[in-house]
Amino acid sequence: MPGALTVPAARRLPGRLTAPEPGWSTRADVVVIGSGIAGLTAALRLREHVAKVLVVTKDVLSAGSTQWAQGGIAAALGEGDTPEQHEVDTLVAGAGACDLEAVRVLVGEGPEAVHELIALGTRFDVDAAGLLSLTREGGHHRDRIAHAGGDATGAEIQRALIAAVEAATDIEVVPHALAVDLLLGADHGVAGVTLHVMGEGERDGIGAVHCRAVVLASGGLGQVFSQTTNPAVSTGDGMALALRAGATLRDLEFVQFHPTVMYLGPDSRGQQPLISEAVRGEGAFLVDWEGRRLMTGVHELGDLAPRDVVAKAITRRMHETGRPHMWLDARHLGADFWERRFPTILATARRHGVDPVAEPIPVAPACHYASGGVRTDLWGRTDVPGLYATGEVACSGVHGANRLASNSLLEGLVFSRRIASVLPAELRPWTEPVPDTRPPGLVSGSARQDLQEVMTERVGVLRSAAGLAEAAAVLDKLADTPAGAVDLDAWETTNLLTIAVALTDAAALREETRGSHWREDHPERDDARWAGHCDTRLDLRSADGAATLTFDPAPATDGGLRR
């Protein structure tokens, strides 16, 4: 069984970001970092029990990943469906790396949480009888995906949550603000957080919010890669901040690549258009350049196999044929169906010069979701006293090695409710921050493109020891790129580098193929050696920011089921 691995000196990571001293300060009982379904759910529930909640959002309230969620939210809501069936599908997709108790919390509390969203004002699509209109996505054996506006579920949920927050006079929102680092007390627990506010007036530049707890709901790490479905704000800030504060990052190697992202050409960078799995749920299918069905004989669920299975099948065929993408054929659905069920995707595809009603859509895998993140317990607690995490930034254990489609919105909803049920009773006393002795550091924003390119080429869908070693060497060089300016670009790039290093090291350590982690040189799943989790931590007592990567063995949780 593998043991502890100390990251080489050349890959030492900053213990905090180089930043000016705070020029302003304020106070709040709880600071929520992030404004998607996870952050706003936590804020709305916490306001009922604490005096002041402050929500920090990097852009505006609607700019996070939630609004981009097309397919929907999964829960056992339909006739004949049960949480137990949802549990099985989740465990199978997670490839033996899920936390069983966390999955049972998710599927057991999910239906009530969705009904609470409806009571809050979320308008899900309904059928002629007025019942929730449910569809199916990859990995699900039942129709259990509730959707809104056809393919605008996230936007509708975000609308309802923002309306509720704006109506709550006791929630303060700080927009256009990057969370830089936690302020720590003498016990290494939360005493506050520093922010950089991109605005004018009383709060501009670096400031400090003194608080009794922080809830991280800052989303994922998509911008680590050249192509992603994530928005520009997804630069791994919350994960990097938590690591620098002493929290554990778990299972970062399990990055889900969505199989059907619209291919815009070899030079396209940043956020790419997602073609929801729900399109395949309604009957679309994948074909190669010769028109052959791609998923026939690959998996019992065919085009609705779990995402990692489909992404690997597409990537294999691309490598075999030398083609830059495959095709998603949904022409048979017809214009009326497209306009009613997938109006957003239809408009997006046409804007990029493809009419799905008349021609197949070019698709290729791209970074979509981080199944790993800041390790938490079943109530969202991290290793750092007073720090909680929820949503994509967290690793609650529900996704394992590969997130089941439409479980992401549900995770943020369920675990934010759980945090709000325990945090008020656990509020720390007001604590003064101690002098920060963590070693500072900053990388030039000019390193970002090289970082993204090597991560895409060597730590993407296909991985090998040689490729991972090459990526590590490039990251080592980039770590020495001096920052010419202390600014947002440098802070974000340093966060991206921190997460890229931790992800690459974890992928190199795990010498097997499991879920979304595909090692060409170790193509089989290996429960005898690799059932368990890869954990990364920074030693706060070390003057040079030494990081350690350890493997925590655990039994496989899918009962030996295979896909």
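Which is under 27 Å from Thr235 (Cβ atoms) and in a helix (DSSP H, G or I), of Ala43, Ala63?
Ala43
Is it the case that segment 366-377 has a residue that's within 22 Å of Cys211 (Cβ to Cβ) and free of Cβ contacts under 8 Å to residues at least 24 places away in the same chain?
Checked segment 366-377: at least one residue is within 22 Å of Cys211 (Cβ to Cβ) and free of Cβ contacts under 8 Å to residues at least 24 places away in the same chain.
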Report summary line: The condition of being without any contact (Cβ under 8 Å) to a residue 12 or more places away in the chain and not assigned by TED's automatic domain parsing to the domain that holds Thr481 holds, among Ala347, Ala358, Ala394, Ala420, only for Ala347
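Just give me the residues in segment 412-434 being hydroxyl-bearing (Ser, Thr, Tyr) and outside any helix (DSSP H, G or I), in sequence order.
Hit for segment 412-434 is Thr431, nothing else.
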Query - Filter result (surrounded by fewer than 19 Cβ atoms within 10 Å (Cβ to Cβ) and in a helix (DSSP H, G or I)) within segment 456-472 - result: Glu457, Ala465, Ala466, Ala469, Glu470
Report summary line: In segment 98-153, anything farther than 30 Å from Pro553 by Cα and small (Gly, Ala, Ser) is listed as Ala113, Ala119, Gly121, Ala128, Ala129, Gly130, Ser133, Ala146, Ala148, Gly149, Gly150, Ala152
Query raised in the report: Out of all the residues in segment 260-318, which are crowded, with 17+ Cβ neighbours inside 10 Å, touching a helix residue (DSSP H, G or I) at 6+ places or on another chain (Cβ under 8 Å), of a type in the set (Ser, Thr, Tyr) and part of a loop (DSSP other than H, G, I, E, B)?
Result: Ser276
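On the given criteria, is Arg403 modelled with pLDDT under 95, touching a strand residue (DSSP E or B) at 6+ places or on another chain (Cβ under 7 Å) and buried (at least 24 other Cβ atoms within 10 Å of the Cβ)?
Working: modelled with pLDDT under 95: yes; touching a strand residue (DSSP E or B) at 6+ places or on another chain (Cβ under 7 Å): yes; buried (at least 24 other Cβ atoms within 10 Å of the Cβ): yes.
Spelling it out, Arg403 is indeed modelled with pLDDT under 95, touching a strand residue (DSSP E or B) at 6+ places or on another chain (Cβ under 7 Å) and buried (at least 24 other Cβ atoms within 10 Å of the Cβ).
Condition first: surrounded by 14 or more Cβ atoms within 10 Å (Cβ to Cβ), part of a helix (DSSP H, G or I) and either out of contact with any helix residue (DSSP H, G or I) (no Cβ under 6 Å at 6 or more places or on another chain) or aliphatic (A, V, I, L, M) (or both). Can you find one or more residues in segment 540-553 that meet it? Let's see the steps before the verdict.
Step one: filter segment 540-553 for residues surrounded by 14 or more Cβ atoms within 10 Å (Cβ to Cβ), giving 540, 542, 545-551.
Narrowing the set further to residues that are part of a helix (DSSP H, G or I) leaves none.
There is no residue in segment 540-553 that is surrounded by 14 or more Cβ atoms within 10 Å (Cβ to Cβ), part of a helix (DSSP H, G or I) and either out of contact with any helix residue (DSSP H, G or I) (no Cβ under 6 Å at 6 or more places or on another chain) or aliphatic (A, V, I, L, M) (or both).
Go through segment 189-211 and give me each residue that's modelled with pLDDT of 95 or more and not in a strand (DSSP E or B). Write out each step before concluding.
Step one: of segment 189-211, the residues modelled with pLDDT of 95 or more are 189-197, 206-211.
Gly189 - this is the single residue of segment 189-211 that is modelled with pLDDT of 95 or more and not in a strand (DSSP E or B).
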Query raised in the report: If we keep just the residues of segment 355-370 that are farther than 30 Å from Glu453 by Cβ and among the aliphatic types (A, V, I, L, M), which is surrounded by the most Cβ atoms within 10 Å (Cβ to Cβ)?
Result: Val357
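Taking the options Arg417, Arg438, Arg351, name whichever one is over 30 Å from Phe285 (Cβ atoms) and at pLDDT 95 or above. Don't jump to the end; show me each part of the working.
Numbers: Arg438 fails: at pLDDT 95 or above; Arg351 fails: over 30 Å from Phe285 (Cβ atoms).
Arg417 is the lone residue from the list that is over 30 Å from Phe285 (Cβ atoms) and at pLDDT 95 or above.
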Query - Every pair of residues 6+ apart whose Cβ atoms lie under 8 Å, when the first sits in segment 40-51 and is farther than 14 Å from Phe415 by Cβ while the second is among the acidic types (Asp, Glu) and surrounded by 19 or more Cβ atoms within 10 Å (Cβ to Cβ) - result: Val50/Asp29; Ala51/Asp29
Report task. Check segment 408-422 and report whether any residue there is out of contact with any strand residue (DSSP E or B) (no Cβ under 9 Å at 6 or more places or on another chain) and among the aliphatic types (A, V, I, L, M). Result -> yes
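The values are calculated or read from the model by the stated rules, or taken from the named source; none is laboratory data. Since the structure is predicted, the reported quantities are computational estimates derived from the model, not experimental observations. All Cβ positions, even for glycine, are placed from backbone atoms using ideal geometry, and neighbour counts span all protein chains on display.
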